[in-house]
Every structure is written in structure tokens, then in C-alpha cells.
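For reference, the structure discussed in these notes is given below.
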Amino acid sequence: MLKRTPLFEQHLREGALMVNFAEWEMPLHYGSQIDEHRKVRQDAGMFDVSHMGVIDIEGEAAAALLRLVLANNIDKLKTSGRALYSCMLNEAGGVIDDLIVYYLSPSHYRLIVNASTTEKDLAWLKKCAGDYSVAINHQTGLAMLAIQGPTAKEKVARVLPWLAPGLQFLKHFQVLQQGSYFIASTGYTGEDGIEVILPASEAATIWNECKNAGIAPIGLGARDTLRLEAGFNLYGQDMDETVTPLVSNLAGTVAFEPASRQFIGRSALESQKEQGITQHLVGIKLLGKGVLRRHQMVYANHERLGEITSGTFSPTLKTSIAFARLALNVDNHLANCEVDIRGTHYPAQIVKLPFVTGDKK
């Protein structure tokens with residue numbers, strides 16, 4: 001049986017099309033995926049992301065464990081309430097998961113991990129913990145809402161006025177904690193907004209109050225088109241345990257300094273750098289009609305360069321866009337290429353990421 005979030009009945013009442021996503025029954029859309037996409041770009045929308053994993057790591061060795069298991073360096077987090085994006089790697093440098101880590105105190109960190117990898121992540125963390133003095137707890141009984149868009153914070157402040165003073169000064173990748181509410185200025189859309197972790201028992205009430213304040217329910221379909229426009233990878237498509245961050249447009253999330261920090265996967269990444277990177281994840285924009293999809297092949301001068309990892313129609317750009325892992329120099333932007341769509345080669349262009357920025361909305 002598929003798992004359900006605390007808002008499952010709410011989604012049914014609102015007419016959502018429910019689908020299987022990572023063994024969770026989740027809303028794909030509530031009517032028009034394109035309308036939902038535009039609502040987030042132009043106003044405010046809310047996503048039920050309660051399927052994502054919340055893992056707390058506590059104890060005197062919490063920081064030491066995270067220095068070992070994360071490719072990024074948590075020592076960058078100097079003050080409580082700050083957050084960091086990182087990959088967690090295996091010994092070969094493959095991506096076990098990409099996640100956000102929040103620094104709550106020197107002995108308490110919170111990880112937000114992907115729904116499809118939560119159990120795998122827990123097992124890996126416990127294996128790596130060994131004799132480290134830490135407690136690793138998967139927090140259940142919670143709900144998580146992502147409220148995104150240019151008016152998101154303004155509208156949330158009307159729903160939860162006691163949050164308004166804190167929201168006013170909340171900076172990107174920062175956390176505000178108020179009682180049982182955990183509010184992070186993070187998201188997966190490229191827009192301003194917050195993600196709220198709260199008790200499951202309060203989720204439906206807050207959802208309805210947000211809806212009454214003009215924050216529209218948004219499904220996973222629009223979440224995917226928004227994240228791709230914003231240049232954000234999707235775990236299981238754009239990276240997984242078979243590829244490293246260095247060939248997944250995530251090299252900037254790997255902290256090789258200080259050289260003394262021996263994180264898991266470091267040796268493999270250093271060897272890959274020494275041997276030379278032969279593939280890169282790049283942006284592709286179709287120059288005519290057609291739809292770019294995963295596993296379609298990309299060519300240039302009759303030579304196959306690689307394949308698409310994620311593709312979709314961009315409601316903002318009104319054309320099809322994709323990520324592709326190609327055998328070419330990452331700086332070779334704006335190069336012409338072709339994509340094989342059902343046996344026909346369609347003209348396309350390699351472009352800089354993200355596809356959509358503030359001036360393109």
C-alpha cells in the first residue's frame with residue numbers, strides 16, 4: 001500500500017489527480033499544471049512535501065559525523081539557524097542523496113532528505129556513525145509545506161501574524177523556529193518563499209488558511225517544471241549513485257578545503273579530477289516544436305554526445321528544455337546540437353543554467 005501524507009484527504013476534496021511518487025500517493029495537479037506553474041512564478045502557491053524525510057542528528061559528535069559523510073563542509077555554518085546544501089556520497093563518489101542540513105546547535109543538526117532515499121539515508125548514516133557519540137532520529141508525526149512565489153512570505157504573514165516579524169528578516173537558507181514550527185527560507189522553485197515543518201495534526205488547518213489567503217494548492221507536476229526552469233537537479237534522474245557531483249553540475253557543493261577533511265568519496269573525486277572530467281550536465285533548449293524527455297540522445301556534427309536526464313515543456317519560456325549529461329567542455333555554452341525525438345533529429349542549443357531568472361519571468 002502506498003504511504004499517505006497528513007493532507008491526503010484534503011487533496012482528494014480539492015479534486016487532485018493522485019499518483020505514485022516514491023511509494024507515496026501524491027497530488028500531480030489540481031486541474032491545470034500550467035496554471036499552477038504560473039501561479040508560483042507570478043504570485044504564491046503551496047506544495048505538500050510531507051513525504052520528504054526529516055532526520056535529526058544529535059550528540060557531541062554530530063558535527064564530526066557530518067564532516068565525514070557530507071561532501072560540503074558544515075564548518076561553513078557559523079551561527080545557529082543557518083543551512084547548507086550538500087550531497088552525501090559513497091566511497092566511489094556516487095551520490096547517495098542530495099539534502100539540506102540545518103545547524104541548530106553544536107550538538108544538533110537537522111537533515112531534510114528525499115522521500116525516495118529516506119530509508120537508504122538512515123541506514124547509511126547509522127553505518128557510518130559507528131562509535132560516534134550521536135543519536136540519529138527519523139522524525140515522524142510531522143507535515144511539511146513549501147510555500148513559494150513572489151508574494152509567499154507576505155501572504156503567510158497574514159495567515160500566521162505571529163511569524164511576521166521573523167519572516168521580515170529571514171534570509172536565504174536561514175531557519176526561524178517558533179514553538180513547534182520550523183520555518184526555513186528554502187525551496188525548489190527558484191522563487192522566494194519558505195518551507196514549514198509543523199505538527200501533522202495542524203497541517204490541514206494551516207493548509208486551508210493559506211488557501212483562503214490566496215495561496216493556491218500546487219501539485220508535483222508544476223514542482224517539476226519549476227525546478228527544471230530554475231536549474232535544480234532531481235535525485236534519481238540527474239544524479240544517483242552511479243555518477244559524481246563533478247559530472248552533475250554540483251561541483252560547487254563539494255568542499256575540498258581544508259585538505260585535512262577526509263570526507264567519504266573524496267579520494268574518488270580527486271582521482272576523477274586528476275584524470276580529467278569527460279562529462280558535464282548542461283542545459284538544452286529546443287529551437288522548435290517538440291518535447292524533450294529523459295533518455296533522448298543528443299548529437300552534434302553526427303556524433304552522439306550523451307543523453308537527456310530530465311526534460312519538460314517550459315511554461316515560462318514556451319519551449320521545451322532539458323538537462324543532458326554530455327561529453328563536451330562545460331564552458332562550451334550556446335553551442336548548437338540536435339536531439340533525437342522518435343528517430344528525427346531536432347535542432348537545439350546548449351544554454352547556461354538556470355533557464356529562468358528574474359528578468360525572464
Exercise for the section: Could you look through segment 162-173, keep only residues that are under 12 Å from ARG82 (Cα atoms) and out of contact with any strand residue (DSSP E or B) (no Cβ under 6 Å at 6 or more places or on another chain), and pick out the one that is surrounded by the most Cβ atoms within 10 Å (Cβ to Cβ)? Expected result: HIS172
Problem - Spans of strands (runs of 3 or more DSSP E) in segment 132-230 with at least 1 residues in contact with a Lys or Arg (Cβ under 7 Å, 6 or more places away or on another chain) - result: 135-138, 193-199
Exercise for the section: Would you be able to say whether some residue in segment 108-127 is touching a residue at least 40 places away in the same chain (Cβ under 8 Å) and more than 24 Å from MET239 (Cβ to Cβ)? Expected result: yes
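Can you find even one residue in segment 99-110 that is among the basic types (Lys, Arg), at pLDDT below 95 and outside any helix (DSSP H, G or I)?
Checking segment 99-110: not a single residue is among the basic types (Lys, Arg), at pLDDT below 95 and outside any helix (DSSP H, G or I).
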Problem - Considering residues of segment 184-215 that are touching an Asp or Glu at 6+ places or on another chain (Cβ under 7 Å) and touching a residue at least 60 places away in the same chain (Cβ under 8 Å) only, the residue surrounded by the most Cβ atoms within 10 Å (Cβ to Cβ) - result: ALA184
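Here's the yes/no breakdown for (1) aliphatic (A, V, I, L, M); (2) buried (at least 16 other Cβ atoms within 10 Å of the Cβ); (3) over 26 Å from ARG223 (Cβ atoms):
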| site | (1), (2), (3) |
| --- | --- |
| ILE277 | yes, no, yes |
| LEU281 | yes, yes, no |
| LEU286 | yes, yes, no |
| GLY290 | no, yes, no |
| ARG304 | no, no, yes |
| THR309 | no, yes, no |
| THR316 | no, yes, no |
| ARG325 | no, yes, no |
Problem - Filter result (within 19 Å of the chain's Cα centre (by Cα) and touching a residue at least 24 places away in the same chain (Cβ under 8 Å)) within segment 6-28 - result: PHE21, ALA22, GLU23, TRP24, MET26, PRO27, LEU28
Handout entry: Of residues in segment 16-73 being among the basic types (Lys, Arg) and out of contact with any Asp or Glu (no Cβ under 8 Å at 6 or more places or on another chain), the one surrounded by the fewest Cβ atoms within 10 Å (Cβ to Cβ)
Key = ARG38
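Is it true that ALA259 is surrounded by fewer than 19 Cβ atoms within 10 Å (Cβ to Cβ), out of contact with any Asp or Glu (no Cβ under 8 Å at 6 or more places or on another chain) and not polar (S, T, N, Q)?
Taking the combined requirement at face value, the residue satisfies it.
The values are calculated or read from the model by the stated rules, or taken from the named source; none is laboratory data. These numbers were taken from a predicted model, which means no experiment stands behind them. Cβ sites come from the backbone with ideal geometry, for glycine too, and all protein chains shown count toward neighbours.
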